[in-house]
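To keep things clear, I will list the structure first and then write my remarks on it.
Derivation of every value follows stated rules applied to the coordinates shown; laboratory data play no part. Just so we're clear, the structure is a prediction, and the values are computed from it rather than from any experiment. A quick note on method: Cβ atoms are made from the backbone with ideal geometry, for glycine too, and the neighbour counts reach across all protein chains shown.
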Amino acid sequence: MNRHILVMGAGAWGSALALHMHRTGARVQVWARNPATRLPTGAMPRLPDWPLPSDITVSDAIPAKPDLVLVVVPVQHLASVLPLLPAGVPAILCCKGVERASQTFPLDVLVRVRPECPGAVLSGPNFAHEIAAGLPAAAVVAAPHMDQALTLAAAVSSPSFRLYASDDCTGVQLGGAAKNVIAIAAGTAMGAGLGENARAALITRGLAETGRLAAALGGQPATLAGLAGMGDLVLTCTGAASRNYQMGLALGHGAVAEDAAAALPGVAEGVTTASALLGMARAHGVNVPIIETVSDFLAKTLTLEEARSRLLDRPLKAE
Ligand SMILES: NC(=O)C1=CN([C@@H]2O[C@H](COP(=O)(O)OP(=O)(O)OC[C@H]3O[C@@H](n4cnc5c(N)ncnc54)[C@H](O)[C@@H]3O)[C@@H](O)[C@H]2O)C=CC1
Ligand SMILES: O=C(CO)COP(=O)(O)O
C-alpha cells in the first residue's frame, strides 16, 4: 500500500526519517516552517550533501488526512507546532527532552495541546546521518497501549531500521531526555581531560539515577536497560557526532555555554532539559546528582572545578 506519511520538521532528524520512510515505499511529505531554508542541504556540517529525492515534497502545507505523522521539532517548540496536526491521525513524536515551562514530556504536551490526537514516541540510539545513509539501527516506539505500539512500530520498521514496541511511555521518554544531559557531563569530563574512567563512571551512575527517577515517575526501570535507555546513553556519551557531547566537550575546554551552543550544527536538547529534569526529580524527591550538577553548571552557579568536586566529594554509599 502506498502509505502517505507527513513529517513535521525538516532538521537533521526529520530529514533522515523522511528518507527512511521514503525507502519503505511510502509517499512522504515534509512540513517545514520555512521550506526554502531546510537545514540539511548546506547548513548541516555533518550532512553537507544530503538532498531529499524530488518526490519528497517539502512545503509549509499540511495535508488533511495522511496515514501517519512524525513530529520532529525540538521539544521547546512542540506546543507551537502541534496545533497544526491533522485531526484524528496517529502522531509519533520523535523529539527527546522535557518541555521547560511545564516540566513535562512530549506526550504530555500532546495531551495538553491536542488531547483528541492519538500519540506515541520514538526513541533510541539513532544518529540522523546514519539513518539517512540506510545503516542498520534499532529504536523503540512507545504508546499507551501495547497494540498501538506494535502497529506503529510495524508502520515505521524496515529491514535496516528495526523498531521494538513498548507501553512504557514514561521510561522511553525519560531515557531519551536524560541521556542528552548525561552526554553533556561526559563531554565536559572528556574536554577537561578527566579521562575515560570518569566518563564510564558518569555513564553508569547516570543510568542509575535515571532508573531511580523512572521508578518515581511511574516508568519501568527495566526500560532504561534497553535501546531508549542504555543504548542511547552509550551512543550519545561516546559518539563524536553527538551535539550534546560536543556541547560538553566545548564546556570542558572552557567555552562559555552560549558560545558552545551557537557553534553546534543543530539543537542540543540537554541544555534546556537539564533544569527541567532536575525540577521533575525534586518534585518527586529523587536524588539526581549528575543531572543536578549539569543543570547548575549550565546555569553558571558552579565552576567546572566545583562541579567535579561536588560529584566526587559526596558521602560514600553502596552501589
Ligand atoms: N539529529 C539526530 O541525530 C537526532 C535527533 N533527535 C531529536 O529530534 C529532535 C529534532 O532534532 P534535529 O532534527 O536533529 O534538530 P535540528 O537542529 O537539526 O533541526 C531542528 C528543526 O526544527 C525546526 N524548528 C525549530 N523551531 C521550530 C518551530 N517553532 N516550528 C517549526 N519548526 C521548528 C528547525 O527549523 C529545524 O529544521 C530533537 O528533539 C532531537 O533530540 C532524535 C534522534 C536523533
Ligand atoms: O539522539 C541522538 C542519538 O540517538 C542524537 O544526539 P545529539 O542530539 O546529541 O546529536
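Just to verify a number: FRET efficiency for Ala200 and Ala87, C-beta to C-beta distance, R0 = 41 Å, to 0.05?
Rounded to the nearest 0.05, the efficiency is 0.30.
With the chain treated as a Gaussian network of Cα nodes joined by springs under 10 Å, which of Ala274, Ala225, Ala64 yields the largest mean-square fluctuation?
Most flexible of the set in this elastic network: Ala64.
From the backbone phi of region 283-292, what are the Karplus-calculated ³J(HN,Hα) couplings (6.51 cos²θ - 1.76 cosθ + 1.60, θ = phi - 60°) in whole Hz, Gly and Pro given as x?
Karplus-based 3J(HN,Hα) across region 283-292 equals 4, 9, x, 9, 7, 10, x, 6, 4, 5 Hz.
If we count every other residue with Cβ under 13 angstrom of Ala183's Cβ, Lys/Arg +1 and Asp/Glu -1, where does the sum land?
Details: positive: Lys96, Lys179, Arg199, Arg243; negative: Asp232, Glu269.
Around Ala183, the surrounding residues sum to +2.
Taking the Cα centre of the chain as origin and charging only Cβ (+1 Lys, Arg; -1 Asp, Glu), how large is the dipole, in debye to the nearest 20?
160
Could you check how many percent of all C-alpha pairs in region 101-206 are farther apart than 23 Å?
Percent of Cα pairs beyond 23 Å in region 101-206: 43.
Between Glu258 and Ala64, what FRET efficiency follows from the Cβ-Cβ distance if R0 is 41 Å, with the result rounded to 0.05? Mind dumping the intermediate values first?
Working: r = 42 Å, r/R0 = 1.01.
The pair Glu258/Ala64 has a calculated efficiency of 0.50.
So if I place +1 on the C-beta of Lys and Arg and -1 on the C-beta of Asp and Glu, and nothing else carries charge, what would the dipole magnitude of region 178-312 be about its Cα centre? I want it in debye, nearest 20.
So the magnitude is around 240 debye.
With a 10 Å radius around each residue's Cβ, average the other Cβ atoms per peptide and rank 71-77, 155-161, highest first. Mind showing how you got there, number by number?
Working: 71-77: 22.0, 155-161: 17.6.
Taking the mean over residues of other Cβ atoms within 10 Å, the ranking is 71-77, 155-161.
Can you run phi through the Karplus equation (6.51, -1.76, 1.60; θ = phi - 60°) for region 187-193 and list ³J(HN,Hα) in whole Hz, with x for Gly and Pro?
Rounded to whole hertz, the list is x, 5, 4, 5, x, 7, x.
Hey, what's the Kirkwood Rh for the chain if you take every pair of different alpha carbons, in angstrom?
19.6
Within region 171-207, find all residues whose amide N lies under 15 Å from a label point positioned 7 Å from the Cα of Asn287 along Cα-to-beta-carbon.
Once the point is set 7 Å along Cα→Cβ of Asn287, 205-206 turn out to lie under 15 Å by backbone N, inside region 171-207.
Along the positive direction of the dipole of the chain (beta-carbon charges: Lys, Arg +1; Asp, Glu -1; about the Cα centre), which of Ser102, Ala177, Pro118 reaches farthest?
Of the listed residues, the answer is Pro118.
Taking the alpha-carbon set of region 178-312, what are its Rg and Dmax in Å?
Final numbers for Rg and Dmax: 13.6, 38 Å.
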